[in-house]
Every structure is written in structure tokens, then in C-alpha cells.
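The values are calculated or read from the model by the stated rules, or taken from the named source; none is laboratory data. Since the structure is predicted, the reported quantities are computational estimates derived from the model, not experimental observations. Quick reminder, even Gly has a Cβ in these numbers, built from the backbone with ideal geometry, and neighbours come from all protein chains shown.
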Amino acid sequence: MSTTLSETTLDSGLVRLSIENQAGRAELYTQGAHLTAFQPNGQPDLLWVSGAETFQPGRAIRGGIPICWPWFGDHDSVPNAPAHGVARTRIWDWELLAESDQRTDLKLWLETDGTDLGFPHRARAELLLSVGNSLVMAMTTTNLSSQPFQLSQALHSYFPVTDLSRAAIAGLDGQFYLDKLTGQTATWPTQFRVDREVDRVVLDRGDTVRLNRGDGHITQIKRQGSRSMVVWNPWIEKSKTLSSFYPDDYQRMLCLETANAAEDARLLKPGHSHTLICEISSEQSH
């Protein structure tokens, strides 16, 4: 069987898992269950990580796919709660589920005990990760407490682009969005180009979205359990304020995040679960 799974502890103390089979390869960290690389065989890496990232314990990694959970963005009622929830800096448990020449499946999980600032609930987050010629992430949240809670989340995917001014998004046309910078709402334009800071929550049908990267490849994002997608690029001024991010990094990346955000947040009753699924693949542009 031509597949490998290796575990490496960095000098900083973070643990990295490396997966490789005949169809593709991936790297992830047990801190945050955080994907930092996914490369189908014979193709470029589909994920982007800043060259300024130093991979330190207790700090979210800049790039790849951070998991924002159990809330997305700033907490709506606790100002000093951590941005994007508690999952990004926690160490997740993991196990190998299955492996073959073409696909490797892992499970990672994390539980809260009700003592987290901003989240006084017991819950379990379980990530099923499948690596082959596509990357599949299935994130299931289960309410283990006796009270319902509101769940918002995102697979905060950073994708590389070779020319941001020409990067094109297909699949969101005409969909309603909230501009988090202005508070205004509008519908997504047919022709969209990034020429300023962008921070939008698109409330859509959950259709497949395609990103033309400008290098002859199109990144394809399929979703289930998601009726919202976050589109984010910090542009010039915001980039200067970000940690582990070079001032010109905004030219090389665009975030298209499979989410349950804004009005797509879910109410989880005791004992109930919700699953958010994202599949990322690449195809040649014509």
C-alpha cells in the first residue's frame, strides 16, 4: 500500500501530521485541527500559508484552513472572548480511520466542558478528514449540555491566487450578502474583482463555488450543511495590522470560507448535532 502518515514535533512544540498517498498529500497540525497544505498529485498546493507564520503554541496559524468554532468573528455578547471561538488554539485528539492507495481518512475531535469564556456549554466537535485527489472536511457539532445554544462557524480557507486583480469567483452571482465593513446589504455582482478590502457574508443556496486562481487552475468548493460563504481579503491597510502576515501578502491570497454565519447560524438543541461539509478540489481552466 503506497500511503504514509507521519507525526513530527516542531521545535516550538506544535505537532504536525503529514499524509501522503498516490492521489494527494496534506499537512495539518493537532493544534486547531488546522490544515496547512493540500496538494492533489501533479497539481500545485490548493492552500496558502503566509511565509511570516512561525507556528507557535497558543497562536492561531495564519493561512491554510483555521477552524472558527463555536462562533465566527467577534463574540456577540462577550467582548473579551477570543475572536472566532476556542478551537483554533486547542489541541485536538486524533486517530487514523482508514487508508488506501487513493485516500486516507482521519478523525479529530475536541470537547468543551462549559467553562470557556463566552461558551458555557458542553459540546463535542468532530472533524472527519479525507485526503485523496480531493480534500473532504466534515465537521460535526453535538450539543452535550442540557440547554440549546447558537452555533456559528467557518472553515476559514485561505486559497492562493497568482494575480489578485484577475482572480474570479463563480457561483455566487445574484446572491444576497452582508458587507461587514459597511453594514450594508446587496446582491453579489456578475463581475467581481478584489480592488479594496473585502469582508462579506454571502447568504446563498450552498451551490458549488469556483475560484479561478489565474495560474491555469480553478479551485472548486462544494458544500453541504452550509448556506453561507465568507469572502475575505484584508487589502493594503488591514494587512499592516495582521499578525504573521507580510504587508503584501494580500496580493497572494483570497479567503472563501464554508460557513454557518450571520443568518445561517444554527440553533442546536440538547443532544442534537449539525454537520458542515466542504470538499475542495482543482480542475484545469479552459
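Taken together, ASP195, ASP199 contain a single residue that is more than 21 Å from ALA83 (Cβ to Cβ) and either charged (D, E, K, R) or at pLDDT 95 or above (or both), which is ASP195.
The set of residues in region 46-74 being under 19 Å from LEU10 (Cβ atoms) and over 14 Å from the mean Cα position of the chain (by Cα) consists of SER50, GLY51, ALA52, GLU53, THR54, PHE55, GLN56, PRO57, GLY58, ARG59. Going residue by residue through region 27-45, is there one that turns out to be assigned to a loop (DSSP other than H, G, I, E, B), more than 14 Å from the chain's Cα centre (by Cα) and under 28 Å from ASP113 (Cβ atoms)? Within region 27-45 (the criterion being assigned to a loop (DSSP other than H, G, I, E, B), more than 14 Å from the chain's Cα centre (by Cα) and under 28 Å from ASP113 (Cβ atoms)), the answer is yes, since at least one residue qualifies. For region 71-86, a tally of residues being in contact with a strand residue (DSSP E or B) (Cβ under 6 Å, 6 or more places away or on another chain), closer than 19 Å to MET229 by Cβ and not aromatic (Phe, Trp, Tyr) returns 2.
Within region 88-140, how many residues turn out to be out of contact with any Lys or Arg (no Cβ under 8 Å at 6 or more places or on another chain), charged (D, E, K, R) and either part of a strand (DSSP E or B) or under 20 Å from THR258 (Cα atoms) (or both)? Count: 8. Among residues that are over 30 Å from GLY42 (Cα atoms) and either surrounded by 17 or more Cβ atoms within 10 Å (Cβ to Cβ) or out of contact with any Phe, Trp or Tyr (no Cβ under 8 Å at 6 or more places or on another chain) (or both), ASP116 is included. Suppose the filter is among the acidic types (Asp, Glu), more than 26 Å from ALA26 (Cβ to Cβ) and either without any contact (Cβ under 8 Å) to a residue 40 or more places away in the chain or crowded, with 17+ Cβ neighbours inside 10 Å (or both); does ASP105 pass it? No, not satisfied. Annotation: of all residues in region 10-50 being within 24 Å of ASP93 (Cα to Cα) and of a type in the set (Ser, Thr, Tyr), the one that is surrounded by the most Cβ atoms within 10 Å (Cβ to Cβ) is THR36. The set of residues from region 141-172 being out of contact with any Leu (no Cβ under 8 Å at 6 or more places or on another chain) and outside any strand (DSSP E or B) comprises LEU144, SER145, SER146, GLN147, SER152, HIS156, THR162, ASP163, SER165, ARG166, GLY171, LEU172. Scanning region 229-273 for residues being more than 26 Å from GLY171 (Cα to Cα) and of a type in the set (Asp, Glu) gives a total of 2.
Listed conditions (1) touching a strand residue (DSSP E or B) at 6+ places or on another chain (Cβ under 6 Å); (2) closer than 17 Å to LEU127 by Cα are all met by ILE67, apart from (1).
Of the residues making up region 232-250, those that are more than 15 Å from the chain's Cα centre (by Cα) and surrounded by 18 or more Cβ atoms within 10 Å (Cβ to Cβ) are PRO234, SER244, PHE245, ASP249, TYR250. In this entry, GLY73 passes the filter for residues that are modelled with pLDDT under 95, farther than 26 Å from GLY132 by Cβ and surrounded by fewer than 23 Cβ atoms within 10 Å (Cβ to Cβ). In the set (1) at pLDDT 95 or above; (2) crowded, with 21+ Cβ neighbours inside 10 Å; (3) within 21 Å of ALA168 (Cβ to Cβ), LEU276 fails one condition alone, (3). Note on region 214-231: among residues that are buried (at least 20 other Cβ atoms within 10 Å of the Cβ) and touching a residue at least 60 places away in the same chain (Cβ under 8 Å), the one that is farthest from TYR177 (Cα to Cα) is THR219. Take the conditions (1) surrounded by 14 or more Cβ atoms within 10 Å (Cβ to Cβ); (2) closer than 23 Å to ASP113 by Cβ; (3) not polar (S, T, N, Q); PRO79 misses just one of them, which is (1).
Could you count how many residues in region 35-85 are in contact with a helix residue (DSSP H, G or I) (Cβ under 6 Å, 6 or more places away or on another chain) and of a type in the set (Ser, Thr, Tyr)? Here the count works out to 1.
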